[in-house]
Amino acid sequence: MSAQPIVRQMQLADIPAAYTIETASFATPWTIDIFEREITENTFASYFVIEKEGVIAGYCGMWLVIDEAQITNIAILPSYRGKKLGEKLFAHVMEQAILAGAYRLSLEVRVSNLPAQHLYRKFGLVPGGIRKNYYTDNQEDAIVMWVNL
């Protein structure tokens, strides 16, 4: 029987793994410097990783400003997708937002990213609007999704 995945706070040593996940997941990935600044300088930011059998298989970032949480990024290594790791990670981050006093959680998702939209709907997020030409790589629109916590 395989070990259960573990979700924990991202550390500086996790940045290379997060960067690998980022570049495998996004057309315009964040740089290592952005991850470092988010962890060391952004007082609004919290980042988490999910480990499966010693491999960092995904990460998620959240900003908490007053009582609103905003998901910055969530990504799972392609070889670990479809194994409910994104669901476990997202559930943990939502719980952390609630514990930190957030009343609402929001995020942007590509109009074409139906698997992600399906995941977010499982957690009660609903579309609240469109950000036209949001993504710089192809000017795709983003759906703003949110949920009251």
Here are some residues: Phe26, Phe35. Which one is under 23 Å from Glu140 (Cβ atoms) and among the hydrophobic types (A, V, I, L, M, F, W, C)? Phe26
Evaluate the stretch 50-70: report whether one residue or more is under 17 Å from Pro16 (Cα atoms), of a type in the set (Val, Ile, Thr) and more than 15 Å from the chain's Cα centre (by Cα). yes
Where residues in the stretch 125-149 are out of contact with any strand residue (DSSP E or B) (no Cβ under 6 Å at 6 or more places or on another chain) and within 18 Å of Phe26 (Cβ to Cβ), which of them is surrounded by the most Cβ atoms within 10 Å (Cβ to Cβ)? Tyr135
Is there a residue in the stretch 108-115 that is within 20 Å of Ala3 (Cβ to Cβ) and either among the hydroxyl-bearing types (Ser, Thr, Tyr) or out of contact with any Lys or Arg (no Cβ under 7 Å at 6 or more places or on another chain) (or both)? no
Within the stretch 62-80, the count of residues that are surrounded by 15 or more Cβ atoms within 10 Å (Cβ to Cβ) and without any contact (Cβ under 8 Å) to a residue 60 or more places away in the chain comes to 13
How many residues are within 14 Å of the chain's Cα centre (by Cα) and open to solvent by less than 20 Å² (accessible area, probe 1.4 Å) if we restrict to the stretch 81-124? 12
Flagged in the stretch 18-61 as open to solvent by less than 60 Å² (accessible area, probe 1.4 Å), among the polar types (S, T, N, Q) and part of a helix (DSSP H, G or I), in numbering order, are Ser25
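Per-residue answers, yes or no, for (1) charged (D, E, K, R); (2) farther than 20 Å from Met10 by Cβ:
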site	(1), (2)
Leu64	no, no
Ile74	no, no
Arg81	yes, no
Glu108	yes, yes
Phe123	no, yes
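The values are calculated or read from the model by the stated rules, or taken from the named source; none is laboratory data. In this text, all values refer to a predicted model and were calculated from it rather than measured experimentally. Cβ atoms come from the backbone with ideal geometry, glycine included; neighbour counts cover every protein chain shown. Accessible surface areas use protein heavy atoms only, side chains included; no ligands, DNA or RNA. Shrake-Rupley method; radii C 1.70, N 1.55, O 1.52, S 1.80 Å.
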